[in-house]
Amino acid sequence: MEIEAKFAVIGPLDPASIDTLDLAPYRLVPRGVQRHHDEVLDTPARSLTSARRSLRIRRAGQEALLTLKGPNTTSDDGMYAREEIEASLPEGTDGDIRAWPPQIAERVAPLIGGQPVAPLVRVDVTRRLWDVMRAGRCVAELALDSGEIAANGRRQPLYELEVELKGTGKRADLDALAGRLQNSLPLRAEPRSKLQRGLALLDEAERAGATAVAEVGRRAIVAQLDRLKMVETAARGGQDSDGVHDMRVAVRRLRTMLDVLAASPDLDGRKLRKLRRALKPLAQALGGVRDLDVLLERLAAYEASQPDLSAGLAAFRAWLEHRRARAHARLVAYLDGGRLSEIFVKLEDMVGSLQETGKENSVAVAQFAGSAAWSRYEAMLRGGGAVAARDPVGLHHLRIACKRLRYTVELFAEELGPACEPLLDTLKHGQDTLGTLHDAVVERDLLAKMCAKRAGSEALAIYDAALAAERDECIAAFARQWPDLGGQAFRRPLAELIGAL
């Protein structure tokens, strides 16, 4: 019989601080650290979990243990009392019930009725252990677990404290220890077992993809429309470069999302593509300002690192500032011309249209998102030739492909689940490197244009050489990153996310 209390850790907890806890009359004796990998098995019909049984294989080093747990027989929050049978599992017999220890096989066979069993939920845990002693006898085991629960592509971090009765321990000991621990540490009772949390992830994964594409699109457009309205004043003002940047990103996201949504068979693709085209002049006006903001920021950083060259770079800085002022004037003229208000109205109309479509029996995410993401991943792969060719122009197009894939995955991120976050991080990392490369290339081109009209200087020549070196460093850096994007390390997780919808 397993009798234990389980608590979620809800604040900072240094494991070393547990050693110094005053739990008198109990005393903690550290027992070291274990790392184990658990797999909870069940049939395709979930015959075991539906009968409130848990069948687990635990691997720690070379050892494998098979454990069968019965239903929880106590209703107290965080308290568990249930039958537990545990035995060593012969190597290579994971799914062969005939080779299992008989005390478990005899209990499981009637429940599964000859069906095969396979991993349903996986748990990876690093466990710190203490023996709980009273009057020289072990009465309980204290375990601090950190790790992850995973099920069907969904993951959830795990950080909890368990107290399980051992040896001569009684329920009164468990109650006393639970009270002392909650008074001393940032804990709350955890009413769900690891399996129950894993099953919740499964349920979440099974629901994923059921949302209408129209509804996902509506939410995304509302979020970016709100962002546009929020930052318009800052972008118009001219002094806040972040306002221009934020507005440009919102427009880029909108244009990618509209392009993705236009392919959905139940949406008005022509209208969506027309709206995307209407956003292009705004994207260009914002880009004209933002690109020069970035170049001026880069130049300022270089001058700060090379103050002796600042005077020689003054003419280039003034030229960039002049171009930036003209670009911002064009942006303000666009914003004042009434076209932005027209775009707001069109976006709001589109939101209403998508809301109506989403109410009906429309295309679901599971029927659409896979092809949307995978086709953009393939487009990114097709640009991979630029990596070996060290072609800055081709790498710029590859950067755009990375960005389109990233925004597409972000569009469906809620349905894909948190497992998509590492892929988004990888895309952003590569995109940032290619962005720095593009900035260096553009700045060199502008520098060459200015020098063609004016006499050059030593400072400008030194800066040009620095930009050329930065260009080469970025090309080399992205070549090292490319396997993370173009290889199995990215392809397989993306395929798993799509397959889990």
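Determine the calculated [θ] at 222 nm for the chain from helices alone, applying -39500 (n - 2.57) to every DSSP H run no shorter than 4 residues and normalising by the residue count; nearest 500 deg cm²/dmol.
Counting only the DSSP helices, I get -19500 deg cm²/dmol.
With r defined as the distance between the Cβ atoms of Ala325 and Tyr159 and R0 fixed at 56 Å, what FRET efficiency is calculated, to the nearest 0.05?
Computed FRET efficiency for Ala325 and Tyr159: 0.60.
Can you tell me the length gained on complete extension of the stretch Asp14 to His37, counting 0.36 nm per residue apart and subtracting the Cα distance?
6.0 nm
Of Val108, Met79, Gly486, which is farthest along the charge dipole of the chain in the positive direction, counting Lys and Arg as +1 and Asp and Glu as -1 at C-beta?
Positive-most Cα among the choices belongs to Gly486.
Suppose we keep just the alpha-carbon trace of the chain; what are its Rg and Dmax in angstrom?
So, for the chain, Rg and Dmax equal 30.0, 91 Å respectively.
Compute the length gained on full extension between Asp22 and Ala87: take 0.36 nm times their separation in residues and subtract their Cα-Cα distance, giving the result in nm to one decimal.
Roughly 19.9 nm would be gained on extension.
How many Å² of accessible area per residue for the range 342-495, probe 1.4 Å?
47
Can you tell me the order of 276-287, 384-395 when each peptide is scored by its average per-residue count of other Cβ atoms within 10 angstrom, highest first?
Highest mean packing first, the order is 276-287, 384-395.
Rounded to the nearest 0.05, what FRET efficiency do Arg52 and Leu129 give with R0 = 22 Å and r taken as the Cβ-Cβ distance? Could you check?
For R0 = 22 Å, the calculated efficiency reads 0.20.
As a quick test, which of the pairs Lys69/Lys194; Lys229/Lys280; Lys274/Lys346; Lys346/Lys403 have an alpha carbon distance above 22 angstrom in this structure?
Lys346/Lys403
Please report, as a whole percent, how much of the solvent-accessible surface of the range 39-187 comes from carbon and sulfur atoms (probe radius 1.4 Å).
Looking at the range 39-187 in its full context, I get 45 percent from C and S.
I need the phi-derived Karplus couplings for the range 43-59: 6.51 cos²θ - 1.76 cosθ + 1.60, θ = phi - 60°, integer Hz, Gly and Pro marked x.
After applying 6.51 cos²θ - 1.76 cosθ + 1.60, I find 7, x, 8, 6, 5, 7, 5, 5, 8, 6, 10, 10, 10, 10, 9, 10, 10 Hz.
In debye, nearest 20: dipole of the range 112-254 around its Cα centre with unit charges on the Cβ of K, R (+) and D, E (-)?
The calculated dipole for the range 112-254 is roughly 80 debye.
How many angstrom lie between the C-alpha centres of the range 401-427 and the range 16-91?
Measuring centre to centre over Cα atoms gives 35 Å.
Place the peptides 20-26, 186-192, 63-69 in order of packing, highest mean first, counting for every residue the other Cβ atoms within 10 Å and averaging per peptide.
Taking the mean over residues of other Cβ atoms within 10 Å, the ranking is 63-69, 186-192, 20-26.
Under 15 Å from a label point 7 Å along Cα→Cβ of Gln182: give me every residue in the range 1-37 with its amide N that close.
Residues 4-10 qualify, since their backbone N sits under 15 Å from the label point.
The values are calculated or read from the model by the stated rules, or taken from the named source; none is laboratory data. Values in this document were obtained by computation on a predicted structure and should not be read as measured data. Virtual Cβ from ideal backbone geometry, glycine too; neighbours counted across all protein chains shown. In case anyone asks, the SASA skips ligands and DNA or RNA and just uses the protein heavy atoms, side chains included. Shrake-Rupley method; radii C 1.70, N 1.55, O 1.52, S 1.80 Å.
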